1. Looking only at residues in the stretch 1-58 that are among the acidic types (Asp, Glu) and surrounded by 20 or more Cβ atoms within 10 Å (Cβ to Cβ), which one is nearest to Gly191 (Cα to Cα)?
2. If you go through the stretch 155-180 one residue at a time, how many are surrounded by fewer than 22 Cβ atoms within 10 Å (Cβ to Cβ) and either in a strand (DSSP E or B) or free of Cβ contacts under 8 Å to residues at least 24 places away in the same chain (or both)?
3. Name, by its number, the condition in (1) buried (at least 17 other Cβ atoms within 10 Å of the Cβ); (2) within 22 Å of Leu104 (Cα to Cα); (3) of a type outside the set (Asp, Glu); (4) in contact with a helix residue (DSSP H, G or I) (Cβ under 7 Å, 6 or more places away or on another chain) that does not hold for Phe183.
4. Suppose we filter Gly319, Gly303, Gly334, Gly341 for residues that are within 23 Å of Ala249 (Cα to Cα) and of a type outside the set (S, T, N, Q); which single one remains?
5. Looking only at the stretch 296-353, which residues are more than 23 Å from Gln33 (Cβ to Cβ), charged (D, E, K, R) and more than 26 Å from the chain's Cα centre (by Cα)?
6. Can you pull out the residues in the stretch 65-82 that are among the β-branched types (Val, Ile, Thr) and either within 16 Å of Pro259 (Cα to Cα) or crowded, with 18+ Cβ neighbours inside 10 Å (or both)?
7. Report, by residue number, each residue of the stretch 205-232 that is within 17 Å of Tyr195 (Cβ to Cβ) and either part of a loop (DSSP other than H, G, I, E, B) or among the aromatic types (Phe, Trp, Tyr) (or both).
8. Quick check on Glu248: is it more than 30 Å from Ile145 (Cβ to Cβ), assigned by TED's automatic domain parsing to the domain that holds Leu28 and surrounded by 15 or more Cβ atoms within 10 Å (Cβ to Cβ)?
Amino acid sequence: MGAKTALYQEHLKLGAKVVDFAGWDMPLHYGSQVEEHYKVRGEAGMFDVSHMTFVDLKGVRAREFLRYLLANNVDRLQTYGRALYTCMLNEQGGVVDDLIVYFLGEERFRLVVNAGTHDKDMAWIEQHAQPFAVEVSELQEVALIAVQGPQARDKVHAQLNEAAQEKAAALAPFNAVEIGELFISRTGYTGEDGYEVMVPQGQAVQFWRNLHESGVHPVGLGARDTLRLEAGMDLYSADMDETTTPLEAGLRWTVAWEPQDRNFIGREALEPQYNTPPARKLVGLILDDRGVLRGHQRVFVDGEVVGQVTSGSFSPTLGKAIAFARVRSDVEGGVLVEMRGKQLPARVVKPPFVRHGKACFE
(Lines give C-alpha, C1' and ligand atoms only; values in the text may rest on other atoms or scores of the structure.)
Protein backbone atom coordinates (compact mmCIF):
# COMPACT_ATOMS: atom_id res chain seq x y z
CA MET A 1 0.00 0.00 0.00
CA GLY A 2 1.43 3.34 -1.04
CA ALA A 3 0.68 6.89 0.03
CA LYS A 4 -2.60 8.30 -1.23
CA THR A 5 -3.58 11.76 -2.37
CA ALA A 6 -6.78 13.49 -1.28
CA LEU A 7 -8.30 12.42 -4.64
CA TYR A 8 -7.58 8.70 -4.33
CA GLN A 9 -11.20 7.67 -3.76
CA GLU A 10 -12.27 9.81 -6.74
CA HIS A 11 -9.85 7.89 -8.94
CA LEU A 12 -11.35 4.58 -7.81
CA LYS A 13 -14.89 5.83 -8.46
CA LEU A 14 -13.87 6.78 -11.99
CA GLY A 15 -12.52 3.28 -12.65
CA ALA A 16 -8.83 4.13 -12.60
CA LYS A 17 -6.17 1.47 -12.91
CA VAL A 18 -3.99 2.31 -9.92
CA VAL A 19 -0.25 1.65 -9.89
CA ASP A 20 2.66 2.41 -7.60
CA PHE A 21 4.53 5.57 -8.57
CA ALA A 22 7.39 6.69 -6.33
CA GLY A 23 5.62 5.18 -3.32
CA TRP A 24 2.23 6.67 -4.20
CA ASP A 25 -0.92 4.88 -5.39
CA MET A 26 -1.64 6.82 -8.58
CA PRO A 27 -3.96 6.39 -11.59
CA LEU A 28 -2.25 5.00 -14.70
CA HIS A 29 -5.37 5.53 -16.80
CA TYR A 30 -9.16 5.53 -16.52
CA GLY A 31 -9.83 3.06 -19.32
CA SER A 32 -8.02 4.34 -22.39
CA GLN A 33 -4.63 6.00 -22.22
CA VAL A 34 -4.82 7.01 -25.89
CA GLU A 35 -8.25 8.61 -25.47
CA GLU A 36 -6.96 10.59 -22.50
CA HIS A 37 -3.99 11.75 -24.58
CA TYR A 38 -6.31 13.01 -27.33
CA LYS A 39 -8.56 14.77 -24.79
CA VAL A 40 -5.62 16.89 -23.64
CA ARG A 41 -4.43 17.64 -27.17
CA GLY A 42 -7.91 18.53 -28.42
CA GLU A 43 -10.01 19.65 -25.43
CA ALA A 44 -9.03 19.60 -21.76
CA GLY A 45 -7.79 16.99 -19.33
CA MET A 46 -6.98 17.05 -15.62
CA PHE A 47 -4.25 15.27 -13.69
CA ASP A 48 -3.86 14.66 -9.99
CA VAL A 49 -0.26 15.68 -9.32
CA SER A 50 -0.65 16.10 -5.56
CA HIS A 51 2.19 13.64 -5.01
CA MET A 52 4.68 16.33 -6.01
CA THR A 53 6.72 18.04 -3.27
CA PHE A 54 5.96 21.68 -2.45
CA VAL A 55 8.54 23.67 -0.49
CA ASP A 56 8.39 27.26 0.75
CA LEU A 57 11.62 29.13 1.47
CA LYS A 58 11.64 32.18 3.72
CA GLY A 59 14.44 34.43 4.85
CA VAL A 60 16.37 37.62 4.20
CA ARG A 61 18.98 35.62 2.25
CA ALA A 62 16.51 33.42 0.33
CA ARG A 63 17.49 34.82 -3.08
CA GLU A 64 21.18 34.55 -2.27
CA PHE A 65 20.63 30.92 -1.25
CA LEU A 66 18.86 30.07 -4.52
CA ARG A 67 21.55 31.79 -6.58
CA TYR A 68 23.90 29.21 -5.06
CA LEU A 69 21.56 26.19 -5.07
CA LEU A 70 20.24 26.38 -8.64
CA ALA A 71 21.91 26.28 -12.06
CA ASN A 72 19.50 28.83 -13.52
CA ASN A 73 19.64 32.34 -12.09
CA VAL A 74 16.77 33.43 -9.84
CA ASP A 75 17.77 37.05 -10.43
CA ARG A 76 15.57 36.67 -13.51
CA LEU A 77 12.64 36.56 -11.09
CA GLN A 78 11.81 40.18 -10.30
CA THR A 79 8.00 40.32 -10.45
CA TYR A 80 5.54 38.61 -8.13
CA GLY A 81 4.44 35.17 -9.31
CA ARG A 82 7.13 34.75 -11.95
CA ALA A 83 8.34 31.14 -12.37
CA LEU A 84 11.62 29.65 -13.55
CA TYR A 85 12.49 26.12 -14.64
CA THR A 86 15.88 24.94 -13.40
CA CYS A 87 17.99 22.08 -12.08
CA MET A 88 19.75 21.50 -8.78
CA LEU A 89 23.20 20.09 -9.43
CA ASN A 90 25.70 18.19 -7.34
CA GLU A 91 29.36 19.13 -7.12
CA GLN A 92 30.12 16.97 -10.17
CA GLY A 93 27.55 18.84 -12.28
CA GLY A 94 25.05 15.97 -12.22
CA VAL A 95 21.33 16.69 -11.88
CA VAL A 96 20.03 16.17 -8.34
CA ASP A 97 16.55 17.11 -9.58
CA ASP A 98 14.73 19.44 -11.94
CA LEU A 99 12.13 21.81 -10.53
CA ILE A 100 10.16 25.04 -10.84
CA VAL A 101 10.85 27.98 -8.53
CA TYR A 102 8.33 30.80 -7.96
CA PHE A 103 9.05 34.32 -6.72
CA LEU A 104 6.47 35.31 -4.11
CA GLY A 105 8.42 38.08 -2.39
CA GLU A 106 12.00 39.13 -1.82
CA GLU A 107 12.13 36.89 1.24
CA ARG A 108 9.74 34.19 0.00
CA PHE A 109 10.11 31.63 -2.79
CA ARG A 110 8.27 28.39 -3.58
CA LEU A 111 9.74 25.23 -5.12
CA VAL A 112 7.88 22.35 -6.77
CA VAL A 113 10.08 19.26 -7.03
CA ASN A 114 9.57 15.65 -8.08
CA ALA A 115 7.82 13.01 -5.97
CA GLY A 116 10.36 10.27 -6.56
CA THR A 117 13.21 12.37 -5.20
CA HIS A 118 11.41 13.74 -2.14
CA ASP A 119 13.73 12.50 0.60
CA LYS A 120 16.91 13.27 -1.31
CA ASP A 121 15.70 16.72 -2.35
CA MET A 122 14.55 17.76 1.11
CA ALA A 123 17.84 16.67 2.68
CA TRP A 124 19.82 18.50 -0.04
CA ILE A 125 17.81 21.72 0.26
CA GLU A 126 17.85 21.77 4.06
CA GLN A 127 21.59 21.03 4.19
CA HIS A 128 22.49 23.94 1.92
CA ALA A 129 19.90 26.33 3.38
CA GLN A 130 21.39 26.28 6.87
CA PRO A 131 24.37 28.59 6.23
CA PHE A 132 21.98 31.15 4.73
CA ALA A 133 19.54 30.97 7.67
CA VAL A 134 16.69 30.21 5.27
CA GLU A 135 13.56 28.56 6.69
CA VAL A 136 12.53 25.47 4.70
CA SER A 137 8.87 24.42 5.05
CA GLU A 138 7.19 21.58 3.17
CA LEU A 139 3.52 22.22 2.36
CA GLN A 140 1.57 19.17 3.50
CA GLU A 141 -2.15 19.94 3.45
CA VAL A 142 -2.50 20.83 -0.21
CA ALA A 143 -3.43 19.11 -3.46
CA LEU A 144 -2.32 20.00 -6.98
CA ILE A 145 -4.56 19.55 -10.02
CA ALA A 146 -3.12 20.20 -13.48
CA VAL A 147 -5.70 21.18 -16.11
CA GLN A 148 -4.22 21.10 -19.61
CA GLY A 149 -5.41 21.53 -23.19
CA PRO A 150 -6.87 24.13 -25.56
CA GLN A 151 -10.00 24.52 -23.41
CA ALA A 152 -8.24 24.19 -20.05
CA ARG A 153 -8.04 27.84 -19.05
CA ASP A 154 -11.70 28.52 -19.82
CA LYS A 155 -12.70 25.44 -17.82
CA VAL A 156 -10.77 26.65 -14.78
CA HIS A 157 -12.07 30.21 -15.14
CA ALA A 158 -15.61 28.85 -14.93
CA GLN A 159 -14.85 27.56 -11.41
CA LEU A 160 -13.76 30.99 -10.14
CA ASN A 161 -15.61 34.13 -9.12
CA GLU A 162 -15.42 37.16 -11.39
CA ALA A 163 -12.49 38.83 -9.60
CA ALA A 164 -10.50 35.59 -9.55
CA GLN A 165 -11.27 34.99 -13.22
CA GLU A 166 -9.74 38.34 -14.11
CA LYS A 167 -6.57 37.61 -12.15
CA ALA A 168 -6.14 34.16 -13.66
CA ALA A 169 -6.92 35.32 -17.19
CA ALA A 170 -4.23 37.98 -16.90
CA LEU A 171 -1.49 35.44 -16.18
CA ALA A 172 1.22 35.11 -18.80
CA PRO A 173 2.86 31.69 -19.28
CA PHE A 174 5.17 30.73 -16.42
CA ASN A 175 3.50 33.06 -13.97
CA ALA A 176 1.37 32.36 -10.91
CA VAL A 177 -1.00 34.15 -8.59
CA GLU A 178 -2.44 33.50 -5.13
CA ILE A 179 -6.21 33.93 -5.10
CA GLY A 180 -7.60 33.34 -1.64
CA GLU A 181 -6.57 29.80 -0.73
CA LEU A 182 -5.78 28.89 -4.35
CA PHE A 183 -2.36 29.09 -5.98
CA ILE A 184 -2.84 29.15 -9.77
CA SER A 185 0.14 28.74 -12.05
CA ARG A 186 0.14 28.89 -15.85
CA THR A 187 2.51 25.95 -16.18
CA GLY A 188 2.29 22.30 -17.14
CA TYR A 189 4.00 19.16 -18.40
CA THR A 190 2.14 18.45 -21.63
CA GLY A 191 3.13 21.08 -24.18
CA GLU A 192 -0.41 22.47 -24.03
CA ASP A 193 -1.65 25.63 -22.35
CA GLY A 194 -3.37 25.38 -19.01
CA TYR A 195 -2.99 25.74 -15.27
CA GLU A 196 -1.67 23.88 -12.28
CA VAL A 197 -3.97 24.72 -9.39
CA MET A 198 -2.92 24.19 -5.78
CA VAL A 199 -5.91 23.86 -3.47
CA PRO A 200 -6.33 22.97 0.22
CA GLN A 201 -6.84 19.22 0.57
CA GLY A 202 -10.31 19.76 1.98
CA GLN A 203 -11.40 21.52 -1.21
CA ALA A 204 -9.69 19.21 -3.68
CA VAL A 205 -12.51 16.68 -4.18
CA GLN A 206 -15.15 19.30 -4.91
CA PHE A 207 -12.87 21.21 -7.25
CA TRP A 208 -12.07 17.98 -9.11
CA ARG A 209 -15.76 17.04 -9.34
CA ASN A 210 -16.73 20.48 -10.60
CA LEU A 211 -14.13 20.29 -13.35
CA HIS A 212 -15.28 16.79 -14.30
CA GLU A 213 -18.91 17.88 -14.46
CA SER A 214 -17.88 20.74 -16.75
CA GLY A 215 -16.40 18.26 -19.25
CA VAL A 216 -12.77 18.03 -18.18
CA HIS A 217 -11.58 14.45 -18.68
CA PRO A 218 -9.45 12.78 -15.95
CA VAL A 219 -6.03 11.72 -17.21
CA GLY A 220 -3.55 9.28 -15.69
CA LEU A 221 0.20 8.86 -15.60
CA GLY A 222 0.28 6.93 -18.87
CA ALA A 223 -0.99 9.78 -21.03
CA ARG A 224 1.00 12.27 -18.98
CA ASP A 225 4.13 10.45 -20.10
CA THR A 226 3.24 10.33 -23.81
CA LEU A 227 2.21 14.00 -23.72
CA ARG A 228 5.45 15.19 -22.11
CA LEU A 229 7.52 13.01 -24.45
CA GLU A 230 5.79 14.45 -27.54
CA ALA A 231 6.41 17.92 -26.11
CA GLY A 232 10.13 17.21 -25.74
CA MET A 233 10.20 17.41 -21.93
CA ASP A 234 12.74 15.41 -19.94
CA LEU A 235 11.73 12.95 -17.23
CA TYR A 236 13.94 12.78 -14.16
CA SER A 237 15.56 9.38 -13.50
CA ALA A 238 15.05 8.41 -17.15
CA ASP A 239 16.45 11.22 -19.30
CA MET A 240 18.65 12.73 -16.58
CA ASP A 241 19.99 11.88 -13.15
CA GLU A 242 22.97 12.57 -10.89
CA THR A 243 25.37 11.04 -13.44
CA THR A 244 24.12 13.35 -16.19
CA THR A 245 24.84 17.06 -16.62
CA PRO A 246 22.18 19.45 -17.96
CA LEU A 247 24.28 19.84 -21.12
CA GLU A 248 24.09 16.08 -21.68
CA ALA A 249 20.32 16.17 -21.10
CA GLY A 250 19.40 18.82 -23.67
CA LEU A 251 19.01 21.40 -20.90
CA ARG A 252 21.88 23.77 -21.72
CA TRP A 253 19.33 26.61 -21.79
CA THR A 254 18.61 26.10 -18.07
CA VAL A 255 22.19 26.92 -17.03
CA ALA A 256 22.83 30.63 -16.47
CA TRP A 257 26.55 31.30 -16.90
CA GLU A 258 26.24 35.05 -16.33
CA PRO A 259 27.21 36.75 -14.14
CA GLN A 260 30.54 34.96 -14.11
CA ASP A 261 31.00 35.49 -10.37
CA ARG A 262 27.83 33.53 -9.45
CA ASN A 263 29.23 30.38 -7.88
CA PHE A 264 26.37 27.90 -8.09
CA ILE A 265 26.80 24.27 -6.99
CA GLY A 266 28.33 22.25 -9.85
CA ARG A 267 29.56 25.23 -11.84
CA GLU A 268 33.24 24.38 -11.60
CA ALA A 269 32.64 20.81 -12.83
CA LEU A 270 30.33 22.02 -15.59
CA GLU A 271 32.46 24.81 -17.03
CA PRO A 272 34.70 22.55 -19.17
CA GLN A 273 31.55 21.64 -21.16
CA TYR A 274 30.73 25.31 -21.82
CA ASN A 275 32.97 25.76 -24.86
CA THR A 276 33.69 22.09 -25.61
CA PRO A 277 30.56 20.03 -26.27
CA PRO A 278 30.15 17.08 -23.91
CA ALA A 279 30.87 13.58 -25.20
CA ARG A 280 27.16 12.70 -25.01
CA LYS A 281 24.00 14.48 -26.06
CA LEU A 282 20.25 13.88 -25.83
CA VAL A 283 18.41 13.52 -29.16
CA GLY A 284 14.96 12.60 -30.35
CA LEU A 285 14.30 9.39 -32.29
CA ILE A 286 11.42 8.49 -34.59
CA LEU A 287 10.86 4.86 -35.55
CA ASP A 288 9.19 4.54 -38.96
CA ASP A 289 8.88 0.74 -38.72
CA ARG A 290 6.43 -1.01 -36.46
CA GLY A 291 7.56 -1.36 -32.87
CA VAL A 292 7.81 0.60 -29.64
CA LEU A 293 10.92 2.36 -28.40
CA ARG A 294 11.68 1.76 -24.73
CA GLY A 295 14.31 2.82 -22.25
CA HIS A 296 17.69 1.03 -22.28
CA GLN A 297 17.47 -0.18 -25.89
CA ARG A 298 20.89 0.15 -27.49
CA VAL A 299 21.55 2.54 -30.38
CA PHE A 300 23.98 1.60 -33.17
CA VAL A 301 25.82 3.33 -36.00
CA ASP A 302 27.93 1.25 -38.41
CA GLY A 303 27.76 -1.72 -36.07
CA GLU A 304 29.03 0.23 -33.08
CA VAL A 305 27.03 1.02 -29.94
CA VAL A 306 26.79 4.84 -29.74
CA GLY A 307 24.24 5.20 -26.95
CA GLN A 308 20.89 4.05 -25.65
CA VAL A 309 17.26 5.05 -25.45
CA THR A 310 16.47 6.87 -22.20
CA SER A 311 12.67 6.96 -22.52
CA GLY A 312 10.28 6.11 -25.31
CA SER A 313 6.68 5.34 -26.18
CA PHE A 314 4.13 5.29 -28.98
CA SER A 315 3.12 8.79 -30.06
CA PRO A 316 -0.64 9.00 -30.66
CA THR A 317 -0.22 12.30 -32.50
CA LEU A 318 2.46 11.04 -34.92
CA GLY A 319 1.17 7.48 -35.06
CA LYS A 320 4.73 6.24 -34.57
CA ALA A 321 7.14 5.29 -31.81
CA ILE A 322 9.26 8.15 -30.49
CA ALA A 323 12.00 8.38 -27.90
CA PHE A 324 14.79 10.30 -26.30
CA ALA A 325 18.23 8.73 -26.60
CA ARG A 326 21.58 9.69 -25.13
CA VAL A 327 24.14 9.17 -27.85
CA ARG A 328 27.68 10.11 -28.82
CA SER A 329 27.93 13.80 -29.65
CA ASP A 330 28.78 13.23 -33.35
CA VAL A 331 25.68 11.13 -34.09
CA GLU A 332 23.36 12.61 -36.72
CA GLY A 333 20.87 11.42 -39.33
CA GLY A 334 19.97 7.75 -39.07
CA VAL A 335 20.68 5.10 -36.45
CA LEU A 336 19.66 1.54 -35.68
CA VAL A 337 17.88 0.64 -32.45
CA GLU A 338 18.14 -2.87 -31.03
CA MET A 339 14.71 -4.31 -30.35
CA ARG A 340 14.13 -7.97 -29.45
CA GLY A 341 17.24 -9.12 -31.22
CA LYS A 342 16.63 -7.01 -34.31
CA GLN A 343 18.05 -3.66 -35.33
CA LEU A 344 15.42 -1.27 -36.71
CA PRO A 345 16.18 2.06 -38.41
CA ALA A 346 15.27 5.30 -36.62
CA ARG A 347 15.62 8.97 -37.50
CA VAL A 348 17.54 11.37 -35.28
CA VAL A 349 15.53 14.58 -34.80
CA LYS A 350 15.52 17.61 -32.56
CA PRO A 351 12.56 17.59 -30.10
CA PRO A 352 9.80 18.57 -29.62
CA PHE A 353 7.87 16.06 -31.69
CA VAL A 354 4.59 17.96 -31.24
CA ARG A 355 4.06 21.70 -30.77
CA HIS A 356 0.70 23.35 -29.99
CA GLY A 357 -1.06 20.07 -30.74
CA LYS A 358 0.47 19.78 -34.22
CA ALA A 359 3.01 17.19 -35.35
CA CYS A 360 6.47 18.61 -36.08
CA PHE A 361 7.45 15.59 -38.19
CA GLU A 362 5.74 13.23 -40.60
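1. In this case the residue turns out to be Glu36.
2. Total meeting the criteria: 18.
3. (4)
4. Gly334
5. Listed by number, the residues that qualify are Asp302, Glu304, Asp330, Glu332, Glu338, Lys342.
6. Residue satisfying the conditions is Val74 alone.
7. Passing the criteria: Phe207, Trp208, Ser214, Gly215, Val216, Val219, Ala231.
8. Judged against the criteria, Glu248 is a match.
The values are calculated or read from the model by the stated rules, or taken from the named source; none is laboratory data. Keep in mind that what you see is a predicted model, and the values were worked out from it rather than measured. Using ideal geometry, Cβ is built from the backbone for each residue, glycine included, and neighbour counts are taken over all protein chains shown.
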